[in-house]
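Scroll down for the structure; my scribbles are underneath it.
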2 protein chains.
Amino acid sequence: MKNDLFLRALKGEKVDRPPVWMMRQAGRYLPDFMKIKRKYDFFTRCQTPELATEITLMPINQVGPDAAIIFSDILVVLQAMGIKVEMKDNIGPWINSPIRKNDDIKKVRVPEVKAELDYVFKAIKMSKKELNENVPLIGFAGSPWTLLCYAVQGSGSKDFNLAKEFCFSQSEYSKILLQKITETTISYLKEQVNSGVNAIQIFDSWGGLLSPIDYEVFSWKYIDQIIKELSPLIPVIVFGKGCWFHLNEMSKSKVSAIGIDWTCSARNARYLTGGKITLQGNLDPSKLLSPIYEIKKSVKNMIDEFGKDNYIVNLGHGILPNTPVDNAKAFIDSVKEYNS
Amino acid sequence: MKNDLFLRALKGEKVDRPPVWMMRQAGRYLPDFMKIKRKYDFFTRCQTPELATEITLMPINQVGPDAAIIFSDILVVLQAMGIKVEMKDNIGPWINSPIRKNDDIKKVRVPEVKAELDYVFKAIKMSKKELNENVPLIGFAGSPWTLLCYAVQGSGSKDFNLAKEFCFSQSEYSKILLQKITETTISYLKEQVNSGVNAIQIFDSWGGLLSPIDYEVFSWKYIDQIIKELSPLIPVIVFGKGCWFHLNEMSKSKVSAIGIDWTCSARNARYLTGGKITLQGNLDPSKLLSPIYEIKKSVKNMIDEFGKDNYIVNLGHGILPNTPVDNAKAFIDSVKEYNS
C-alpha cells in the first residue's frame, strides 16, 4: 500500500501525521457526483459496479483523503433480506410494507449474500483495482439496530418512534429480527473482506436514540457479535452517532477504532475510552461551512486535542451536500499540513 | 400550596417521594385535548386564555402530576418579535420569510412583551386561579439558540443545517439575533413571574446539535444571561436535550434544577453535575409504550438510581402523542406509590 497511514493508525502505530477521510466523501457536495445522480437513480448507482467504482474513486482524485470507502448504502442489506426499499426524491428511504408484526418478520429471510449482493462485491474488486494500492478501501454495513429502525419505521424519522414502539412493546419479536439482520450482516461483511476491503466500519447512525440500558439490549449486543466474527479477519471501526454513553463498553471490545461525533470532546472521548484505542472523528460537518481559515484552525485544534497518534481525522457525521468542494479540500489539506 | 413537593424538590429539601410531571403533559395523547385541537387551530389555542387554561388544567385532573405547566409554545416569542410563524398540519412550525441575512435581523424587534404577549400572562393568571393553590404552575421559554434554529431554518429539521450554516458563516450577525431573543425572553419570563408562575423552565431542545465549544458560544452564553436575571426571582430549571457535555458547566450556574434526557444515566448525570443539584428526568418517552408492568419497573429503577431527594421525576423529552392515557397514568402513579 503506497499510503498506509490509515492502516497504521488502525494498528496504533506512530505516524508523522494522522490519516484523514470523510464520511460520505463520495457524496452530493461533489459536482461530478451530481452529474451521475441526475442520470442514474440511487439503486442503479449502487448496483452497477462501474458506477459505484467511479463514485468511490471520485473523492480520492478530487479532494485526496487517505482512504476510500466503497460507494453503497446500508439499506442494500434489507433489500437482500426481501424488504423492498425505495429511495424517493425529497423523502429518502421508503418501505411500502414495513415490518410491524411477527408475521412480517417470518417473511424476512437470511439470504445467500454472495448471490443477492454480488454487485457490491464486484464494485469492491473493481475499486481495489482502480485504486491500485494507492490508498486502502473501507467496506461497511449499518448496525442491526439502525437497519431495524428503517425496516420498522418504513422511512427516515427524527425519533424512529414506531421502531422504538415495536422494540418496547414486542421485545421478543424485535430480537428475532435483529438476529436475522446480524447474521446477514456478518456474511455480508465477510464477503466484503474476501473481495478485498482493507477495513470495515459499522455505522450505528440511530444508536443515540436509545438509553444506555436499551442500547445494550437492542444495539450493542448485535454489533458485538459482528465485531467478534470480523475482528479476527480485518480491522473493525464502529461509529455510533450519539453513543457517547457506550464508549467505555465499546473500547473493551475487539474493535480497532471508535468513531466519535462532535458532541463528545476529544478529552471526553479519550477519557471514556481509556486513552489508548484509536479514535476517529469528529468535526461537526456544519463547520465546513465556516470560512476556510476557521476550518484550518478547527482541524489544528482537533488534532492537538486528540493527539496525532491513535487517531484518524474525520467529520463527526457525513459531509453536508451544501459543502463547497474547496472547503472539503481545505479540511483534508490542513491535516496533511499538520505538524505538532 | 397544598402539594408543594415540586417546590420542595427545587429547594433541595428532603421529601417522602419525588414529585413528578411530564413534558408536554397537556398534549395530543389526551383525547380531550384532541377535541379542542379539532375545533381551534394552534395559535388560537395559545392565544385564548380560556382555552390555554382549560388545556393547562386537563392533565392535572386526568393523570394527576405534581405540577402544571402553562399551555403555550416557545415560538410565541418569535411572533412577538415580528417573525411570522405558522403551524402547518403534518409539517409543524413554518416561517415564510426566515432570517438569513443582516437585513432580516435589523427588522427583528425587541418588543414590549406586556402588550405583545398579554394573552400568555392572562392565561397564567387564569390558570393560577383555577389551580387554586393545589399544585404549582411552571412557566417556560425556549432557549435563544433553539429559537434561532426555527427563525433561521424556517421550519423543523433533523439537523437545522441552515441555522448552523448561518451561525458558522455569519457568526457576528447570529450573535446580534441571539442577543435580541435573549432580551425579549428575559422580559417575557419576568412578566410570567409577575403573573404568578411558581418556577420557570428553559427548553434548549436543539442544544445537542452543537459541539461543546459551539454550545458555549451560541447557546449557553445566552441561557446563562437569562438564568442570572431570573434566578433571584424564582426557581429556574434548564433542560438541554442532548446537552450531557455541558452538564458540569450548567451545575455551576444559578439554576435550581437541570433536566436530563434518557441518553444520560442517573449515575452519569449525578457524576457530571457534582452529585447535589436537583435533577429532573429522564425516562425515554417511547418507554411509555411498553406494557404497564414494565413502566412501573422502569420508574422504580429510575428513582432508586437518581435517589428520592434532589430529584423530580419526568420523561427525558415530551410525551408522545400515541401514548395510551393509562400508561401515562401508570407512570405518574408509580411515582406516587414509590417507597424506597
- [ ] Quickly work out the A:Lys297-to-B:Lys11 label distance, labels modelled 7 Å from Cα along the C-beta direction, and quote it in nm with one decimal.
- [x] 4.7 nm
- [ ] Report the calculated FRET efficiency for B:Glu130 and B:Asp104 (r = Cβ-Cβ distance, R0 = 51 Å), to the nearest 0.05.
- [x] 0.80
Task: Neighbour cut-off at most 12 other Cβ (10 Å), DSSP loop, chymotrypsin sites (Phe, Trp or Tyr not before Pro), region B:158-194 - done: none
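So which of A:Lys129/A:Lys308; A:Lys287/B:Lys254; B:Lys175/B:Lys228; A:Lys308/A:Lys329; B:Lys228/B:Lys252 end up more than 22 Å apart, counting from Cα to Cα?
Details: A:Lys129/A:Lys308 30 Å; A:Lys287/B:Lys254 31 Å; B:Lys175/B:Lys228 19 Å; A:Lys308/A:Lys329 20 Å; B:Lys228/B:Lys252 12 Å.
Over 22 Å Cα-Cα: A:Lys129/A:Lys308; A:Lys287/B:Lys254.
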Task: Long-range HN-HN contacts of A:Ile312 with modeled amide H, under 5 Å - done: A:Leu279, A:Gln280, A:Gly281
Task: Alpha carbon centroid spacing (whole Å) that separates region A:64-89 from region A:176-211 - done: 12 Å
- [ ] Pop the C-beta distance of A:Glu305 and A:Ile36 into the FRET formula with R0 = 30 Å and round what comes out to the nearest 0.05.
- [x] 0.20
- [ ] Calculate one ³J(HN,Hα) per residue across region A:235-249 by plugging θ = phi - 60° into the Karplus curve 6.51 cos²θ - 1.76 cosθ + 1.60, and present them in order as whole Hz with x for glycine and proline.
- [x] x, 10, 10, 10, 10, x, 5, x, 9, 3, 5, 10, 4, 5, 4
- [ ] Name the most mobile residue of B:Asp41, B:Asp89, B:Asp214, meaning the one with the largest mean-square fluctuation, in a Gaussian network model of chain B with Cα contacts below 10 Å.
- [x] B:Asp89
Task: Gaussian network model of chain A, springs between alpha carbon atoms under 10 Å - residue of A:Val238, A:Val217, A:Val197 with greatest fluctuation - done: A:Val217
- [ ] Just subtract the alpha-carbon distance of A:Asn61 and A:Asn3 from 0.36 nm times their residue separation and send over the number in nm, one decimal.
- [x] 19.5 nm
TODO: For B:Pro324, go 7 angstrom from Cα along the Cα-to-Cβ vector, then report the distances to that same point in the other copies in nm, smallest first.
DONE: 5.6
Open item on the list: Inside 10 Å of the C-beta atoms of A:186-198, what's the mean count of C-beta atoms belonging to other chains?
Closed with: 0
Task: Residues B:Lys329 and B:Asn194, FRET efficiency given R0 of 30 Å [Cβ-Cβ distance, rounded to 0.05] - done: 0.30
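May I ask you to list, by number, the DSSP H helices of chain B whose Cα span along the axis is at least 30 Å and whose average Kyte-Doolittle hydropathy reaches -1.0 or more? Present the calculation step by step, with values, prior to reporting the outcome.
Details: long enough: B:171-195 (36 Å, -0.46).
Passing helices, by number: B:171-195.
Where Lys and Arg each count +1 and Asp and Glu each count -1, what net charge lies around A:Leu7 among other residues with Cβ under 10 Å from its Cβ?
Numbers: positive: A:Arg8, A:Lys11; negative: A:Asp4, A:Glu13, A:Asp66.
My count for the surroundings of A:Leu7 gives -1.
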- [ ] Could you pull out every residue, at least 5 positions away or on a different chain, whose amide H is within less than 5 Å of the one on B:Asp204? Hs are placed 1.01 Å off N in the peptide plane, and Pro or chain starts have none.
- [x] B:Ser143, B:Phe239, B:Gly240, B:Lys241
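Could you work out, residue by residue across A:283-290, how many beta carbons of other chains sit within 10 Å of that residue's beta carbon, and then give the average as an integer?
Values: counts 1, 8, 3, 15, 5, 2, 8, 6.
That works out to 6 on average.
Expressed as cubic angstrom per residue, what is the convex hull volume of the alpha carbon set of region B:162-226? Can you show the working numbers first?
Details: hull volume 5.7 nm³, N = 65.
Considering the Cα atoms of region B:162-226, their hull volume per residue is 88 Å³.
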Open item on the list: Going 7 Å from the Cα of B:Arg28 along its beta-carbon direction, which residues of region B:153-183 have the amide nitrogen within less than 20 Å of the resulting point?
Closed with: B:154-160
Task: Value of relative contact order over region B:5-336, rounded to a whole percent, pairs C-alpha under 8 Å and six or more apart - done: 22 percent
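Are there trypsin sites (Lys or Arg not before Pro) in region A:119-164 that DSSP marks as loop and that have at most 12 other Cβ atoms within 10 Å, and which are they? Display every interim value, and only then the final one.
Details: sites: A:Lys122, A:Lys125, A:Lys128, A:Lys129, A:Lys158, A:Lys164; in loops: A:Lys158.
When the trypsin sites (Lys or Arg not before Pro) of region A:119-164 are filtered for loop state and at most 12 Cβ neighbours within 10 Å, A:Lys158 remain.
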TODO: Summarise the long-distance tail of P(r) for chain A by giving the % of C-alpha pairs beyond 35 Å.
DONE: 16 percent
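From the convex hull of the Cα coordinates of the protein assembly as shown, what is the mean projected area in square nanometres? Spell out each step's value before the answer.
Numbers: hull surface 110.9 nm².
Mean orientational projected area (the protein assembly as shown, Cα hull): 27.7 nm².
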TODO: Using a Gaussian network model of chain A whose springs link C-alpha atoms within less than 10 Å, name the residue from A:Ile91, A:Ile258, A:Ile277 with the highest mean-square fluctuation.
DONE: A:Ile91
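From other protein chains only, count the Cβ atoms within 10 Å of every residue's Cβ in B:204-210, then give the mean. Could you put the intermediate results ahead of the total?
Numbers: counts 0, 0, 0, 1, 3, 4, 4.
Mean shielding count: 2.
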Task: Inter-copy label distances at A:Gly92 (7 Å, Cα→Cβ; nm, one decimal) - done: 1.2
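No lab work stands behind these numbers, since they all come straight from the coordinates. Remember, it's a predicted structure, so these values are computed and weren't measured experimentally. For neighbour counting, all protein chains shown are included, and Cβ atoms are generated from backbone atoms with ideal geometry for every residue, glycine included.
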